[in-house]
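Undergrad: Please find one structure pasted underneath; my questions will follow.
Just so it is clear, none of the values below were taken in a lab; they were calculated from the coordinates. What you see is a predicted model, and the numbers here were worked out from it, not measured in a lab. Positions of Cβ are backbone-derived with ideal geometry, glycine not excepted, and every protein chain shown enters the neighbour counts.
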Amino acid sequence: MEGREGGFYKILRGIGSVIPTTYLKTFIYLNGIAAFRKFLYKSIGTFYRVDHVYDVIMEFKENYNGSFSILEFGVADGYSFTKKLNAIRYLKMEDRIITHGFDTFEGLPDLTEQADNALVKGAEWVKGTYHGRYENLLNYCRSKYKNFELHKGLFEETLTDEFLKSLLKRPPILIWIDCDYYSSTKAVFDKLIPYIPTGCVIYFDDIYFNFSSRFTGEMKAVWEINHGKFAEGIELVHDSELSWNSNRVYRFINLNQKSNYERKNHVKGDPVRRRRNDSPFP
Ligand SMILES: C[S@@+](CC[C@H](N)C(=O)[O-])C[C@H]1O[C@@H](n2cnc3c(N)ncnc32)[C@H](O)[C@@H]1O
């Protein structure tokens, strides 16, 4: 477009004009300029799934009273589960947060729905993969931590009424969905929705399955929640700050919640900003 080229475009033209052949121009562009730009972009702006765990715990430590839960659906060998336990310890919240891990520990169950399936050949989930070592994880966690529980079995069986009631005393602040299938994600939300307070952070590990299509996988559950297919008065709002450049992290909105969080500091006085000066400075 006439007159719209920026400085980067001009530099590229300059560099291109001094490189002799098309092959060399292409090689230098791909291996030098494009690779450097991608590296910079990825190292500065890319989502890393541990960051939000610390951010969420700090947010609730600083701003809210009470005790909480963190729930992980899909634990496998406990790679991310024990990182959560460490985050809670590091941030000195062991007396206020229990982490619950749910898994068969026998790997992925059978595919039950078309919506669990890959649309690209070779990308299918396979029954039995992600087989964990339940006893090993239990012993390891017991040797280091107290504030955890592992729930062995299918989600639809381990999300008992008794467990759900316990969430009224310790509402979840972070729910990790890392169970690959649409059907498993649905099984979780079918039971859990009334017990998730407004503001709870929900993380979806496999949101990019089938290019994040709304017809399959975890994204189908996100889409259905936001189109009233699970229940009325609920919504998943994308949290752009916690998500960085991804679409993995959401805040749950729930008009029919059974419990909610209590802020430490209620807004005191009138928060109006008094006029000071008209410059861009505050
Ligand atoms: C990708 S792995 C979890 C990885 C783990 N979070 C980690 O960071 O290493 C997915 C897990 O979900 C579990 N899973 C999937 N559907 C399930 C269901 N309906 N009930 C129980 N576990 C399920 C599988 O057993 C598997 O271990």
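Undergrad: Is it possible to state the helix-based mean residue ellipticity at 222 nm for the chain, with each DSSP H run of 4+ residues giving -39500 (n - 2.57), the sum divided by total residues, to the nearest 500 deg cm²/dmol? What is it? List each step's numbers first, then the result.
TA: On the way: 11 runs with 104 residues, N = 282.
Calculated mean residue ellipticity at 222 nm is -10500 deg cm²/dmol.
Undergrad: Do any GluC sites (Glu not before Pro) in region 201-275 lie in a loop, going by DSSP, with at most 14 other beta-carbon atoms within 10 Å of their beta carbon, and if so which? Provide the component values of the computation, followed by the final result.
TA: Numbers: sites: E218, E224, E232, E235, E241, E262; in loops: E232.
Of the GluC sites (Glu not before Pro), the ones in loops of region 201-275 whose Cβ has at most 14 other Cβ atoms within 10 Å are E232.
Undergrad: Moving on. Over the chain, with a Gaussian network built from C-alpha contacts below 10 Å, which listed residue (L24, L85, L164) shows the highest mean-square fluctuation?
TA: Between L24, L85, L164, it is L24 that shows the largest mean-square fluctuation.
Undergrad: Using a Gaussian network model of the chain whose springs link C-alpha atoms within less than 10 Å, name the residue from L159, L119, L30 with the highest mean-square fluctuation.
TA: Judging by the Gaussian network model, the answer is L30.
Undergrad: Can you work out ³J(HN,Hα) from phi for every residue in region 137-149, in order, using Karplus 6.51 cos²θ - 1.76 cosθ + 1.60 and θ = phi - 60°, giving whole Hz and x for Gly and Pro?
TA: So the Karplus estimates, Gly and Pro as x, are 5, 4, 5, 4, 5, 4, 6, 10, 9, 10, 8, 8, 9 Hz.
Undergrad: Have a look at the DSSP beta bridges in region 51-263 and tell me what percent are antiparallel, nearest 5.
TA: Values: 10 of 30 bridges.
Beta bridges within region 51-263, antiparallel portion: roughly 35 percent.
Undergrad: Then there's this: Under unit Cβ charges (Lys, Arg +1; Asp, Glu -1), what dipole magnitude, rounded to 20 debye, does region 123-271 have relative to its Cα centre?
TA: Dipole magnitude for region 123-271 comes out near 540 debye.
Undergrad: Something else now. Treating only the Cβ of Lys, Arg, Asp and Glu as charged (+1, +1, -1, -1), what charge dipole size does the chain show about its Cα centre? Round to the nearest 20 debye. Each step should come with its number before you reach the end.
TA: Details: 39 positive and 36 negative charges, 293 e Å.
Computed about the Cα centre, the dipole is about 1400 debye.
Undergrad: Any idea which of L12, I97, S279 is furthest toward the positive side of the dipole for the chain, if Lys and Arg beta-carbons carry +1 and Asp and Glu beta-carbons -1?
TA: Positive-most Cα among the choices belongs to S279.
Undergrad: With the chain treated as a Gaussian network of Cα nodes joined by springs under 10 Å, which of I44, I193, I177 yields the largest mean-square fluctuation?
TA: Looking only at I44, I193, I177, the largest GNM fluctuation is found for I44.
Undergrad: Just rank K127, K84, fewest to most, by other beta-carbon atoms within 10 angstrom.
TA: So the residues, fewest neighbours to most, are K127, K84.
Undergrad: Right, something else. How far is helix 35-45 tilted, in degrees, relative to the longest principal axis of the Cα atoms in the chain, given as a value from 0 to 90 rounded to the nearest 10?
TA: That works out to roughly 40 degrees.
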